[in-house]
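What follows is a short report on a single structure.
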Ligand SMILES: [Ca+2]
């Protein structure tokens, strides 16, 4: 599945059997303006595809357990379908399977309109590089 939005290109990665994969665009052009209501300098996470549904904006870089109501309230685990990384670092996505399992990476300056089936509605934590 590939869609275009402005100068950016979307490419989804393939989910392996718990192995690493990457999510990334082939080309990355800085956006002239923010989109999906995500301010430049932030990374935003959405319940539905292409910025739809509930949005959560990460307050800083670092590790966020989305299933912890002290971190995100109401919790946002098992809900993320699209991501706009307009922030200042790469984002690593993790699923809790009795331990943190890395699902993929969204590079700085890239966005994903719809996470693939191995990742959609599975992310429980994110790590944003500082
Ligand atoms: Ca999960």
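Observations, loosely collected:
- Residue count, region 67-126 (criterion: at positive phi and away from the ligand (no atom under 15 Å from the Cβ)): 1
- Count of region 100-114 residues, restricted to those that are under 14 Å from residue 43 (Cβ atoms) and in a loop (DSSP other than H, G, I, E, B), is 4.
- Filtered by the rule that a residue be over 12 Å from the mean Cα position of the chain (by Cα) and away from the ligand (no atom under 16 Å from the Cβ), region 46-66 gives 52, 53, 54, 59, 60, 61, 62.
The numbers here are math on the coordinates, done by the rules we state, and not lab data. Everything quoted here is computed from the prediction, not taken from an experiment. Don't worry about glycine lacking a Cβ; one is built from the backbone with ideal geometry, like all the others, and counts go over all protein chains shown.
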